[in-house]
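Any read-out appearing in this document is the output of simple, stated calculations on the displayed coordinates, not a laboratory observation. Predicted, not measured: the structure shown is a model, and the values here were computed from it. Neighbour counts run over all protein chains shown; Cβ positions are idealised from the backbone, glycine included.
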Amino acid sequence: MRLLLNVVKKALPIANPDFEEAIQNVTTWYVEYDDTVYNHVLREIGQDAKNNIIVKMPDERNRGFWADSDFDLSVYASFNLTYISKIEFEKLWNSVELTK
């Protein structure tokens, strides 16, 4: 069974190869959601317990944790949310360049 899982892992692409480990350490997510045209997550930022940005997706290699889901805004609204402005999101997005 373990061999089969290893073969499947190698055959199927990983959605976020640069951030698979880091995603487990995210304690706060910032999500840019388009509810006018696409009705899905456009970009996402993840911070660890020390407020360091450790995840920033999507990019050329990583599809995104939330962006890869089929959740609509009503699902996100059921979470414990704090809304931030587009300006605040852009400031966070531009505050760090994550390269792997």
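Considering amide H positions built from the backbone, and no H for Pro or chain starts, which residues 5 or more places from I14, or on another chain, come under 5 Å of its amide H?
Residues meeting the criterion, in which the H sits 1.01 Å from N, do not exist here.
Taking only DSSP H segments of four or more residues, each worth -39500 (n - 2.57), what value at 222 nm results for the chain once the sum is divided by all its residues, to the nearest 500 deg cm²/dmol? Numbers along the way, then the final one.
Values: 4 runs with 28 residues, N = 100.
Calculated from helices alone, the mean residue ellipticity at 222 nm is -7000 deg cm²/dmol.
List, largest first, the extents of the alpha carbons of segment 15-94 along their principal axes, each in whole Å.
So the extents along the principal axes, rounded to whole Å, are 31, 25, 24.
Residue by residue, what Karplus-based ³J(HN,Hα) values in Hz, rounded to whole numbers, does segment 25-37 have, using 6.51, -1.76 and 1.60 with θ = phi - 60° and x for Gly and Pro?
9, 6, 10, 9, 10, 10, 10, 9, 10, 9, 9, 10, 10
Quick one: compute the contact order of the chain, relative version, from alpha carbon pairs under 8 angstrom and 6+ residues apart, as a percent. Can you show the working numbers first?
On the way: 117 pairs, mean separation 24.6, N = 100.
After rounding, I find 25 percent.
Lysine pairs in the chain 8 or more apart or on different chains: how many have alpha carbons under 28 angstrom apart?
Counting lysine pairs in the chain gives 12.
Report the calculated FRET efficiency for Y83 and I23 (r = Cβ-Cβ distance, R0 = 22 Å), to the nearest 0.05. Provide the component values of the computation, followed by the final result.
Working: r = 23 Å, r/R0 = 1.03.
Efficiency, rounded to the nearest 0.05: 0.45.
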